[in-house]
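The values are calculated or read from the model by the stated rules, or taken from the named source; none is laboratory data. This is a predicted model, so every value here is computed, not measured. Here Cβ is always computed from backbone atoms with ideal geometry, including for glycine, and neighbour counts include all displayed protein chains. Accessible surface areas use protein heavy atoms only, side chains included; no ligands, DNA or RNA. Shrake-Rupley method; radii C 1.70, N 1.55, O 1.52, S 1.80 Å.
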Amino acid sequence: MQIGRTGFALAVTAMVPGLALAANGAASMEVEAATRAYLDTLQGTARATSDAYFEGGYWLLIWGTLVTLLAKWLMLRTGLSARFRDWAERATPRRWLVPALYAAPYAVASALIVFPWSFYTGFVREKRYDLMSQSLAGWLGQQAIGLGIAVAVGALLMTVIFAVIRRAPRRWWLWGAAALALFTSLGTLIAPVFIAPLFNTYAELPAGPVRDRIVAMARASHVPAAHIYLFDQSRQDKRISANVSGLGPTIRISLNDNLLNQASEAETAAVMAHELGHYVLGHAWQLIGLLALVFLAGFWLLYRLAPAILARWGGTWGVRDVGDPAVAPLFSALAVVFFLVMMPVMNTLVRAQESQADLFGLATACEPDGFASIAMKLSDYRKIEPGRIEEFLFFDHPSGATRVRMAMQWKADNRVRPATCSPLR
């Protein structure tokens with residue numbers, strides 16, 4: 001019986017475990033060497049700037065929380081929140097409408113109080129790191145649009161939440177969480193069609209190799225690909241982005257012009273295959289379910305803590321009870337602390353989804369080098385090689401080093417292009 005070279009090698013390594021370990025060790029060294037070759041392309045000032053930008057974000061989380069808490073305390077301590085409520089009650093005899101009217105001055109005042117912080121973090125700092133493309137006028141215009149959306153959404157949400165509190169005083173935390181989860185689902189549904197176009201112009205991606213590649217991958221993955229949109233992110237910043245957004249009839253595939261202009265076809269295919277993975281793996285629904293559980297925990301804490309705090313300081317603030325819309329700053333303050341504490345948990349769960357989408361993207365586009373090189377390009381605003389604890393605490397996506405290593409491992413495990421890969425032109 002004759003044995004080919006491959007069969008002979010397999011037989012020998014099976015009979016001699018040491019050889020198998022040596023082979024695995026050699027493969028591992030090859031993966032690490034390939035990974036290091038990519039990571040070492042980011043050196044000197046470029047790496048220092050990338051690290052400084054991302055690490056500065058750690059402090060922004062703390063300071064941003066303190067700024068928010070200060071803003072909410074000011075609204076309560078000065079009686080501003082109570083005055084907004086009094087105005088709303090004078091403006092309408094309908095009790096159910098009071099929270100909706102309260103939401104407008106509350107949202108505007110909140111935005112104005114924290115505006116210096118928002119201006120520094122959202123404009124000045126981004127300009128300093130050369131990530132912002134927008135003029136000050138353009139940035140202010142989009143802030144105004146965001147504020148308008150916050151007023152509208154806040155009015156609807158507060159109407160529902162305070163109606164629930166009035167009608168279910170013992171179970172409002174349960175129904176409030178359900179209502180917020182429903183709003184999240186509706187937001188995911190309508191955002192691609194009604195919200196995103198307020199900030200960017202969306203147009204069909206022109207015909208060509210990039211579109212053909214995306215369509216081929218989408219069809220192979222059973223993702224609706226009737227429309228593939230290109231949007232003008234470059235008017236705002238220099239970040240690379242793409243998504244498969246929406247739910248049901250609003251699902252659409254989109255990529256920004258930064259990706260199209262800064263990435264090769266292989267890199268673009270790797271990014272788009274990753275985004276298709278989120279859709280195929282049902283990550284939007286999983287995330288909504290996860291958020292529903294987080295909302296449940298958060299509302300339960302509000303239910304337990306808010307009454308005790310109001311019993312101590314509510315009279316000073318002019319806030320009557322948890323059913324009074326003037327309690328909104330207290331709710332917001334407790335929520336921001338809760339989400340800061342929950343951040344590592346949320347990041348870990350989202351990071352797991354991102355890793356799943358990475359693997360799906362590698363198996364779909366079969367562009368490990370494209371995937372690795374685009375991960376390196378993201379280092380403009382993401383630290384490329386954090387420590388393990390650092391990545392656990394602060395990264396909601398796998399780090400660049402993790403992604404490059406995954407790509408090189410996939411490349412080592414798939415020497416021959418699998419038949420399931422999307423067609424190459």
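If you go through segment 370-389 one residue at a time, do you hit one that is out of contact with any helix residue (DSSP H, G or I) (no Cβ under 8 Å at 6 or more places or on another chain) and charged (D, E, K, R)?
Our first condition is that a residue be out of contact with any helix residue (DSSP H, G or I) (no Cβ under 8 Å at 6 or more places or on another chain); within segment 370-389, this holds for 387-389.
Filter again for charged (D, E, K, R), leaving 388.
Yes.
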Can R320 be described as free of Cβ contacts under 8 Å to residues at least 40 places away in the same chain, under 27 Å from R219 (Cα atoms) and over 23 Å from the mean Cα position of the chain (by Cα)? no
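Out of curiosity, is P423 farther than 20 Å from L359 by Cβ, modelled with pLDDT under 90, more than 21 Å from the chain's Cα centre (by Cα) and surrounded by fewer than 20 Cβ atoms within 10 Å (Cβ to Cβ)? Walk me through how you get there before you give the answer.
Numbers: farther than 20 Å from L359 by Cβ: yes; modelled with pLDDT under 90: yes; more than 21 Å from the chain's Cα centre (by Cα): yes; surrounded by fewer than 20 Cβ atoms within 10 Å (Cβ to Cβ): yes.
Yes.
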Determine whether segment 225-245 contains at least one residue that is open to solvent by 20 Å² or more (accessible area, probe 1.4 Å), modelled with pLDDT of 90 or more and aromatic (F, W, Y). yes
Go through the residues of segment 185-199 one by one and say whether even a single one is open to solvent by 30 Å² or more (accessible area, probe 1.4 Å), within 24 Å of the chain's Cα centre (by Cα) and farther than 25 Å from G282 by Cα. yes
How many residues are surrounded by fewer than 19 Cβ atoms within 10 Å (Cβ to Cβ) and either assigned to a helix (DSSP H, G or I) or of a type in the set (K, R) (or both) when one looks only at segment 32-56? 14
Determine if segment 133-151 includes at least one residue that is in contact (Cβ under 8 Å) with a residue 60 or more places away in the chain, more than 30 Å from R382 (Cβ to Cβ) and open to solvent by less than 40 Å² (accessible area, probe 1.4 Å). no
Would you mention how many residues in segment 304-334 are in a helix (DSSP H, G or I), open to solvent by 30 Å² or more (accessible area, probe 1.4 Å) and not hydroxyl-bearing (S, T, Y)? 10
If P206 passes every condition in (1) at pLDDT 95 or above; (2) open to solvent by 60 Å² or more (accessible area, probe 1.4 Å) but one, which one does it miss? (1)
Quick check: anything in segment 283-303 under 30 Å from V210 (Cα atoms) and open to solvent by less than 50 Å² (accessible area, probe 1.4 Å)? yes
Residue list for segment 59-108, filter: open to solvent by 30 Å² or more (accessible area, probe 1.4 Å) and not in a helix (DSSP H, G or I): T78, P93, R94
Which of (1) more than 26 Å from R382 (Cα to Cα); (2) in a helix (DSSP H, G or I) does P224 not meet, given it meets every other one? (2)
